[in-house]
1. Decide, for region 86-145, between rounded, prolate and oblate: order the square roots of the alpha carbon gyration tensor eigenvalues as a ≥ b ≥ c, take rounded if a/c falls under 1.5, and otherwise choose prolate if a/b is larger than b/c, else oblate.
2. What FRET efficiency comes out for the pair residue 96/residue 169, r = Cβ-Cβ distance, R0 = 25 Å, nearest 0.05?
3. Enter the accessible area per residue of region 109-170 (Å², integer; probe 1.4 Å; all protein chains in place).
Amino acid sequence: MPRKKKDEQEEVTAAEVTETDAAATDETVAETAAETTEAVESAADATETAEEVSAPVEVEEAPEAVAPKVQAKAEPVAEKAETTADARHGKRAERVGVVASDKMTKTVVVRVDRLIKHPIYRKYVKRRKNFMAHDELGAAIGDKVRIVETRPLSARKRWRVVEIIQKAEK
């Protein structure tokens with residue numbers, strides 16, 4: 001099949017591009033290194049993994065002084081992602097409320113109050129909801145506690161007491 005003029009033009013432009021890349025000066029290499037460090041620092045701030053952050057540094061020609069700084073910034077990000085429990089299980093719902101009842105064994109009823117704006121009257125209205133939570137910490141009536149969503153523990157119990165924020169006055 002005969003070649004088209006369009007294919008020949010593409011080959012010529014590709015050859016010109018490689019010639020201009022070969023003729024790059026030290027100034028353009030320094031500018032590229034500065035751009036690379038900015039890109040890597042912004043990527044490290046966006047909590048990417050160490051492998052993704054260090055890959056552009058290896059591809060780009062950067063000064064050796066930049067590479068250790070980039071790796072030092074990338075390592076704590078990778079450790080932080082592995083140590084958090086939220087990374088393994090996703091973000092679990094969390095509520096803060098007051099213990100309303102503690103008459104059951106290892107179970108408390110937590111009353112969670114929240115204020116919502118009424119759609120018509122624009123006044124704040126108090127809404128209450130009771131949650132049954134598993135309690136290993138021994139919370140008593142009136143304690144302010146933080147509860148976290150968990151797997152179903154019984155027919156109505158899907159929450160767990162994580163911490164007692166404030167003990168009740170007796």
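The values are calculated or read from the model by the stated rules, or taken from the named source; none is laboratory data. Because the structure is predicted, anything quoted here is derived from the model rather than measured. Don't worry about glycine lacking a Cβ; one is built from the backbone with ideal geometry, like all the others, and counts go over all protein chains shown. Accessible surface areas use protein heavy atoms only, side chains included; no ligands, DNA or RNA. Shrake-Rupley method; radii C 1.70, N 1.55, O 1.52, S 1.80 Å.
1. Cα axes put region 86-145 in the oblate bin.
2. 0.90
3. Per-residue value: 76 Å².
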